[in-house]
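The values are calculated or read from the model by the stated rules, or taken from the named source; none is laboratory data. All figures in this text were calculated on a predicted structure; none of them were measured in a lab. Every residue, glycine as well, gets a Cβ built from its backbone with ideal geometry; the counts of neighbours run over all protein chains shown.
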Amino acid sequence: MITGFTANTKEAEEFRDLVREAFKLSDAANPGDFIPVLRWIDFGGYEKKLQRIHGKMDAFLQGLIDEHRHDKSNDSMIDHMLLLQES
């Protein structure tokens, strides 16, 4: 039982870190939004950082979905959404 709690804590920590990183980037101004030429060269690495966070978040959420697809004993929002998708 404690290992499940530890795994949930680790997942929660990972999710918090991802959201924190995303909010840091959303607070920063991207010079490429104002001067399109800078977007082509990714001035400041903004686009690259955003793609990295997007990939991490996508992998994290896909892992949650896969976990719930294999273990149908849970009663969570993800399970309800997967049931709606199947029907």
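So the check is Cβ under 8 Å with 6+ separation or different chains; which pairs have a first residue in the range 26-49 that's in contact (Cβ under 8 Å) with a residue 12 or more places away in the chain and a second one that's among the basic types (Lys, Arg)?
ASN30/ARG39; GLY32/ARG39; GLU47/ARG39
Go through the chain and tell me which helices (runs of 4 or more DSSP H), entirely inside it, have 1 or more residues that are of a type in the set (Lys, Arg) and at pLDDT 80 or above. Full working, then the answer.
Numbers: elements: 2-27, 31-34, 36-41, 46-70, 77-86.
Result: 2-27, 36-41, 46-70.
Quick check on ILE41: is it under 21 Å from the mean Cα position of the chain (by Cα) and among the β-branched types (Val, Ile, Thr)?
Details: under 21 Å from the mean Cα position of the chain (by Cα): no; among the β-branched types (Val, Ile, Thr): yes.
Here the answer is no, as ILE41 does not meet what is asked.
Can you pull out the residues in the range 32-71 that are surrounded by 15 or more Cβ atoms within 10 Å (Cβ to Cβ) and more than 30 Å from ASN8 (Cα to Cα)?
Passing the criteria: GLY32, LEU38, ARG39, ASP42, TYR46, GLU47.
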